[in-house]
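Laboratory data are not the source of any read-out in this text; all were calculated from the coordinates shown. What you see is a predicted model; the values in this text were computed from it and never measured. Glycine also receives a Cβ, built like all others from the backbone with ideal geometry; neighbour counts cover every protein chain displayed.
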Amino acid sequence: MLPFMWASQDKAFKSATAVMVNGATVFTITGGAIQILELLSVCVTANDGTLSTMQWQSVPTVGTATTITGATASLASATAGTTVALVPTALSTAPAISAAAAGGVQLGAPLTASHIIIKEGTLKLVIGVGSTTGTWYHCLRYSPMTPDSLVN
C-alpha cells in the first residue's frame, strides 16, 4: 500500500539552470498523464535588453504539439530573482511576470483554479524573437494521474 500512496502524492521537479532557447525540452513526462499544479521559472542571471517572450508547449508522445500558455510580456532586462508563473485560467493565458524588485513573489494557484492536464511526452519552451541571455531554472509541481506518472 505504501508505494501506491507515494505514487499518487503531489510531486515537484526542478530543471537544470540554462539560457532559455526556443524548442528546448525542460521536462519529460513518462508513465502516464500529469496534472500541472504550478509551474514557476526563476531568473538566476540577468537578461540583457534583447526582446524575448516565453510560452510553454506540451509535445505528447502520441498526438499533436500544443501551446498551453499565451506568450509573456518581454523578458528583456529581467534581473536575477525575477519569476514567471503559469496562470492556469485558459490555454491562451500568458504566464505572470514578477520582477526581482517586487521580490519575485507570485500568487499561487487557488485550490479551485483550473489545472492543466498533459499526457506523456515533453514540456518545451517556446521563446519568441530570440533566446534569453540570462539563465533560468524551472520548477514544476504536479499531481500524477496514474501510479506510474513521473517527470524528469
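What full-extension length gain, to one decimal in nm, is calculated for TYR137 and THR28 as 0.36 nm per residue of separation minus the Cα-Cα distance?
Values: separation 109, 0.36 × 109 = 39.24 nm, distance 1.49 nm.
Gain on stretching TYR137 to THR28: 37.7 nm.
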| Karplus (6.51, -1.76, 1.60) ³J(HN,Hα), θ = phi - 60°, over the range 140-148, in Hz, Gly and Pro reported as x | 10, 10, 9, 10, x, 8, 9, x, 9
| query | Of THR93, THR53, THR132, which is the most mobile in a GNM of the chain whose springs link Cα atoms less than 10 angstrom apart? | reply | THR93
| field | Amide H contacts of ILE68 (H built 1.01 Å from N, under 5 Å, at least 5 apart or other chain) | value | TRP56, GLN57, SER58
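Going by a ≥ b ≥ c, the root eigenvalues of the Cα gyration tensor, does the chain fall in the rounded group (a/c under 1.5), the prolate group (a/b larger than b/c) or the oblate group?
On the way: a/c = 1.89, a/b = 1.62, b/c = 1.17.
It comes out prolate by the Cα gyration axes.
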| field | Potential extension, LYS119-PHE13 segment - 0.36 nm per residue separation minus Cα distance | value | 36.5 nm
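In debye to the nearest 20, how big a dipole does the chain give about its Cα centre with +1 on each Lys and Arg Cβ and -1 on each Asp and Glu Cβ? Walk me through the numbers before you get to the answer.
Numbers: 5 positive and 5 negative charges, 5 e Å.
Dipole size: approximately 20 debye.
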| In whole Å, what is the distance between the alpha-carbon centres of the range 84-106 and the range 134-149? | 17
